[in-house]
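This report concerns only the one structure given below.
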Amino acid sequence: MKFQFSEKKVKLPGNVHAYAEKKVMKLARYFEEDAQALIVFSVEKNRNNVELTVHGAGTWFRARESTSDMFASIDAAVGTIEGQIRKNKTRLARRLRQDAFVRSAEETSFVADEKEEEFRIVRVKQFNFRPMSREEAILQMNLLEHNFFAFRDEDNHGAFAVVYRRNDGGYGLIEDAL
């Protein structure tokens, strides 16, 4: 597994990076050798934030945890991603490493099989997406008080796009690469 570290508003000693690398390596058993992990450390209002993004087997996993201790945040983020993998293990089994879910002796004693959650579509809506500018799409999203809005981007030759509200208060755009 390849690691990339980033620090925002904080300068951490090397032992924190080493600890994070050691903990994230526990996830390596689920992935092939070419998996990548991006770990972003930040501190805000006496809270130690860790954002862990793992890309492997054509799938992205992301966890963001915040505690009063950086080491606890690392542990929680790794635990969250491991939980995501375990929760969706049957759906991910074809993508992840062949022996990823073979249990070790220590794991078998305390981990019970979790029921697989069924993806249920409870409502279907159909819309005619009309071409509009990105600014108009953001305006529509705000008027509807939604967190995202799908539209045809006239700035990108009518390609399908989605604008969304980011946690930092800004806006994001997802567009079709064509």
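The values are calculated or read from the model by the stated rules, or taken from the named source; none is laboratory data. Predicted model, so just to flag it, every value in this text is computed and none were measured. Quick reminder, even Gly has a Cβ in these numbers, built from the backbone with ideal geometry, and neighbours come from all protein chains shown. Only protein heavy atoms, including side chains, enter the accessible area calculation; ligands, DNA and RNA are left aside. Shrake-Rupley method; radii C 1.70, N 1.55, O 1.52, S 1.80 Å.
Within segment 9-35, can you find the residues that are open to solvent by 80 Å² or more (accessible area, probe 1.4 Å), free of Cβ contacts under 8 Å to residues at least 40 places away in the same chain and over 19 Å from Ala76 (Cα atoms)? Within segment 9-35, Lys9, Lys11, Glu33, Asp34 qualify. When Leu178 is tested against (1) open to solvent by 60 Å² or more (accessible area, probe 1.4 Å); (2) at pLDDT 90 or above; (3) over 29 Å from Arg64 (Cα atoms), just one condition goes unmet, and that condition is (2). Within segment 139-163, restricting attention to residues that are assigned to a loop (DSSP other than H, G, I, E, B) and open to solvent by 60 Å² or more (accessible area, probe 1.4 Å), the residue that is nearest to Phe127 (Cα to Cα) is His146.
Here Val78 clears all of (1) in contact with a helix residue (DSSP H, G or I) (Cβ under 8 Å, 6 or more places away or on another chain); (2) assigned to a helix (DSSP H, G or I); (3) at pLDDT below 75 except the condition numbered (3).
Return the residue satisfying two criteria in turn: it lies in segment 41-50 and is of a type outside the set (Gly, Ala, Ser) and out of contact with any Leu (no Cβ under 8 Å at 6 or more places or on another chain), and of such residues it is nearest to Val78 (Cα to Cα). For segment 41-50, the residue satisfying everything is Val50.
Scanning segment 5-41 for residues that are part of a strand (DSSP E or B), within 12 Å of Glu51 (Cα to Cα) and not β-branched (Val, Ile, Thr) yields Phe5, Ser6, Glu7, Lys8, Ala37, Leu38, Phe41.
Residue by residue, here is whether (1) under 25 Å from Asn15 (Cα atoms); (2) open to solvent by less than 100 Å² (accessible area, probe 1.4 Å); (3) at pLDDT 85 or above; (4) of a type in the set (A, V, I, L, M) holds:
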position: Asn49; (1), (2), (3), (4): yes, yes, yes, no
position: Thr53; (1), (2), (3), (4): yes, yes, yes, no
position: Thr67; (1), (2), (3), (4): yes, yes, yes, no
position: Gly83; (1), (2), (3), (4): no, yes, yes, no
position: Lys89; (1), (2), (3), (4): no, yes, no, no
position: Arg94; (1), (2), (3), (4): no, no, no, no
position: Phe101; (1), (2), (3), (4): no, yes, no, no
position: Glu106; (1), (2), (3), (4): no, no, no, no
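If we scan segment 42-52, do we find a residue that is more than 13 Å from the chain's Cα centre (by Cα), under 22 Å from Ile85 (Cα atoms) and not in a strand (DSSP E or B)? The answer is no; no qualifying residue exists.
State all residues of segment 121-138 that are surrounded by 11 or more Cβ atoms within 10 Å (Cβ to Cβ) and either polar (S, T, N, Q) or outside any loop (DSSP other than H, G, I, E, B) (or both); if no residue qualifies, say none.
First pass over segment 121-138, keeping only residues surrounded by 11 or more Cβ atoms within 10 Å (Cβ to Cβ): 129, 131-138.
Within segment 121-138, Pro131, Met132, Ser133, Arg134, Glu135, Glu136, Ala137, Ile138 qualify.
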